[in-house]
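*Asks:* Below is the structure I would like to discuss, written out as structure tokens.
The values are calculated or read from the model by the stated rules, or taken from the named source; none is laboratory data. Since we're looking at a predicted model, the values are computed, not measured. Here the Cβ positions follow ideal geometry from the backbone for every residue, glycine too, while neighbour counts run over all protein chains shown. All accessible areas refer to the heavy atoms of the entire protein, side chains included, with ligands and DNA or RNA removed. Shrake-Rupley method; radii C 1.70, N 1.55, O 1.52, S 1.80 Å.
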Amino acid sequence: MKRVPRLYAMVATILPMVVAMAWAGDPPAAPPLSKVAPAADLIKQVDLYVAGFRDGLVDEATYADKSRQIAKDAHTLAVVGLVLAMHDENHPMKEAALPLSRAARQLADAKDYPSAKKAFEELTKAGGGSAQTPKWEKVASLGQLMKQVTFVNNRLRRNMRRFEERADDNARDAAILAVIAQAVTFDTHEVKDPAQVDKWYELCGQMRDAAGELNAQIHAKDKTAAEAALGKMGKSCDACHATFRVVTTP
Ligand code: HEC
């Protein structure tokens, strides 16, 4: 008669998890993306990534040197493409954005020079619309996106000192941080306790909205307000790493 208590124990363990999963809601709706990441900033960044891929893929030796950066930027471009496809603005990349996102993911996953080169060719041809309707979903690796967040966040903090002069670069960087925060909302694999899924959504939302506020204040040329937004964003990084026990020291 050992089985019955064991079964009870199992139910007692699993049931609260199932209940928590059922209770944890879907991600809250995003604010209009134009408010946190204007399409014009993202499209400029798309061009920069594509130019970087072209340079990094000129020959095999250059690729060997640049493959990690290409992968990181391609993961980011997959996310930027999805956000442009979901965007509320009526921008010129609306049709091409989803195919671009898919092609960028192919490039991100390329394991050698020939496949990277082929993926890049597909990427430059991406356009003409897609039969699919875009929806929020995981399109890139969280680890790779966090490497991009680290890089962009450091550059942005440096360039805040040249607030006026670097306004365009800074606005783009803030928009990229907002976009990544919005995208990782849909990648909850780091959330081990189902009851904490809503916390994940909340912290992604905090980072997205602070980065969006930063983008807006850079455009408005208000340094004090931009610095306040930067501070708020930094708090969201720390809160998330603390909540989900992420160690960020290399
Ligand atoms: C919603 C949660 C969340 C937010 C917000 C967040 N992070 Fe992270 N971060 C993570 C997780 C989860 C990992 C571990 C990812 C992995 O290694 O796959 C991580 C990893 C990192 C790492 C280690 C990267 C590496 O090279 O392995 C750094 C650095 C980092 N984050 C910086 C930041 C900064 C800077 C911000 C804010 C601008 C930020 N993060 C915001 C969840 C978050």
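*Asks:* Treating only the Cβ of Lys, Arg, Asp and Glu as charged (+1, +1, -1, -1), what charge dipole size does the range 142-243 show about its Cα centre? Round to the nearest 20 debye.
*Replies:* The dipole of the range 142-243 has a size of about 380 debye.
*Asks:* Within the range 221-250, list the trypsin sites (Lys or Arg not before Pro) lying in a DSSP loop whose Cβ has at most 16 other Cβ atoms in a 10 Å radius.
*Replies:* Lys221, Arg245
*Asks:* Give me the extension gain from Thr248 to Asp193: residue separation times 0.36 nm, minus the current Cα-Cα distance, reported in nm with one decimal.
*Replies:* 17.8 nm
*Asks:* Okay, moving on. Per 10 Å bin, what is the whole-percent P(r) computed from every C-alpha pair distance within the range 65-191?
*Replies:* So the P(r) values, bin by bin, are 13, 39, 36, 11, 0.
*Asks:* Now for a separate question. Helices from the chain with mean Kyte-Doolittle at least 1.0 and a Cα length along the axis of 15 Å or more, per DSSP H: which?
*Replies:* Qualifying helices, which must be both long enough and hydrophobic enough, are 3-23.
*Asks:* At 1.4 Å probe radius, can you tell me the per residue accessible area of the range 142-243 in Å²?
*Replies:* Here the residues of the range 142-243 average 44 Å² of exposed surface.
*Asks:* Next up: Using a probe of 1.4 angstrom, how much of the accessible area of the chain is carbon and sulfur, in percent?
*Replies:* So the carbon and sulfur contribution to the accessible surface is 55 percent.
*Asks:* Hey, another quick one. Hey, could you pull the Cα Rg and Dmax for the chain, both in Å?
*Replies:* For the chain, the Cα radius of gyration and maximum Cα-Cα distance read 20.2, 77 Å.
*Asks:* Could I ask something else about it? Out of Ala242, Ala140, Val58, whose Cα points farthest toward the positive end of the dipole of the chain (charges: +1 Lys, Arg; -1 Asp, Glu; placed on Cβ)?
*Replies:* Ala242
*Asks:* Shifting gears a bit: Give me the distance in nm between label points sitting 7 Å out from Cα along the Cα-to-Cβ direction at Gln132 and Phe186, one decimal.
*Replies:* The two pseudo-label positions are separated by 0.9 nm.
*Asks:* Also, I was wondering about something else. Under a plain spin-label model, where a point goes 7 Å from the Cα along Cα-to-Cβ, how far apart in nm are Arg155 and Asp26?
*Replies:* 3.5 nm
*Asks:* Rg and Dmax in Å for the range 35-135, alpha carbons only: what are they?
*Replies:* Radius of gyration, then largest Cα-Cα span, for the range 35-135: 13.3, 41 Å.
*Asks:* A follow-up question, please. Quick check: pseudo-label points 7 Å beyond the Cα along Cα→Cβ at Lys118 and Gln69, how many nm apart are they?
*Replies:* The answer from the label model is 2.6 nm.
*Asks:* Of the candidates Val58, Val139, Val149, which one comes out as most mobile in a Gaussian network treatment of the chain with C-alpha springs shorter than 10 Å?
*Replies:* Most flexible of the set in this elastic network: Val58.
*Asks:* Let me ask another. Once you've got the GNM for the chain with C-alpha springs shorter than 10 Å, pick whichever of Pro27, Pro38, Pro114 has the biggest mean-square fluctuation.
*Replies:* Among Pro27, Pro38, Pro114, the largest GNM mean-square fluctuation belongs to Pro114.
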